[in-house]
1. Being assigned to a strand (DSSP E or B) and in contact (Cβ under 8 Å) with a residue 12 or more places away in the chain is the filter here; which residues of the stretch 6-26 pass it?
2. Just one of the numbered conditions (1) surrounded by 17 or more Cβ atoms within 10 Å (Cβ to Cβ); (2) at pLDDT 95 or above; (3) touching a Phe, Trp or Tyr at 6+ places or on another chain (Cβ under 7 Å) is not true of Thr23; which one?
3. Which pairs do you get when a residue that is modelled with pLDDT under 75 and assigned to a loop (DSSP other than H, G, I, E, B), found in the stretch 66-93, comes within reach of a residue that is polar (S, T, N, Q) and surrounded by fewer than 15 Cβ atoms within 10 Å (Cβ to Cβ), reach meaning Cβ atoms under 9 angstrom, with the pair 6+ apart or on two chains?
4. Would you check which residues across the stretch 27-57 are surrounded by 18 or more Cβ atoms within 10 Å (Cβ to Cβ) and either modelled with pLDDT under 90 or part of a strand (DSSP E or B) (or both) and list them?
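The values are calculated or read from the model by the stated rules, or taken from the named source; none is laboratory data. Quick caveat, the model's predicted, so the values are computed rather than measured. Cβ placement follows ideal geometry from the backbone for every residue including glycine, while neighbour counts extend to all protein chains displayed.
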Amino acid sequence: MVWIRSQGKRELAFVSNIWSYDTIIYASNGGRGSGIKIGAYSTGAEALQVMDMIQEHNHRVQKMWFMGKEDEFFVDPIFQMPEAGFSAQGGEE
């Protein structure tokens, strides 16, 4: 489970499933049929790059929770979906 803020910043959801279909990323707490669109990207490769960013963010959050919430380990538990085209601008999470 991970907190995700949508690209348009209008949704904040605690989700258990995240998937991409071509250039669009969806999230849900159920199966794929009940998902909400949380981001749209310029290319499928850019969408997959965001999926990698979500995976890394979730790993850091889980590590923080496992190690304790000391200041030097703090990671914001909410992942903000980047805007489309961020990779062409050299943007990061």
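1. Matches in the stretch 6-26: Leu12, Ala13, Phe14, Val15, Asn17, Ile18, Trp19, Ser20, Ile24, Ile25, Tyr26.
2. Here Thr23 meets the rest and fails (1).
3. Every condition considered, the pairs that remain are Ala88/Ser42.
4. Ala27, Gly35, Ile38, Gly39
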